[in-house]
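The block underneath contains the structure these notes are about, expressed in structure tokens.
Every number in this text was worked out from the coordinates using simple rules, so none of it is lab data. In this text, all values refer to a predicted model and were calculated from it rather than measured experimentally. Neighbour counts are summed over all protein chains in view; Cβ atoms, including those assigned to glycine, are modelled from backbone coordinates with ideal geometry.
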Ligand code: SF4
Ligand code: SF4
């Protein structure tokens, strides 16, 4: 979302292309804050999210957790600039070009899971006590536990029961 750092007052609006390399990377996804895989319930929710194709869960460098949906903004122009720049949403105005994914050499996420196997592997190695509690709760299928590769996991059974509660996602910002 080509956003501008704070600049001195100018007589004419600055050209975004001169202060922000208009790569458009920040305009190609939606990220919403979640509680994250730090409890059994959080792991269960994070697994449910990443079981859906093209949905990821990540932790920012500030330690906050988000669900990530790749999706291009309809206002993103082919040249990487914003088609509604003068009237863009507050979220876009507040986005800081300093350290953004288009200008920073650092990975945009601290950790990121694109599927259940990746989340299971992280739990096993980084959160063994939580991994054990999730095992005891019976929410880790073999490919998440690391017992078998996902491709050969075999029959998965029916989707979850109608009693399953979907998480309430907090809007970002
Ligand atoms: S409104 Fe403009 S700045 Fe905001 S996400 Fe869309 S293209 Fe980017
Ligand atoms: S990711 Fe950064 S450099 Fe790229 S368009 Fe967004 S603010 Fe500009």
Full-extension gain in nm, residue 53 to residue 135, via 0.36 nm per residue minus C-alpha separation: 27.2 nm
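Packing-wise, with mean Cβ within 10 Å as the measure, how do 58-66, 111-119 rank, highest first? Mind showing how you got there, number by number?
Numbers: 58-66: 14.8, 111-119: 18.8.
Highest mean packing first, the order is 111-119, 58-66.
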Would you mind computing, in nm to one decimal, how far apart the modelled labels at residue 98 and residue 110 are, each placed 7 Å from Cα along Cα→Cβ? 2.1 nm
Contour minus end-to-end for residue 77 and residue 25, with contour as 0.36 nm per residue of separation and end-to-end as the Cα-Cα distance? 17.5 nm
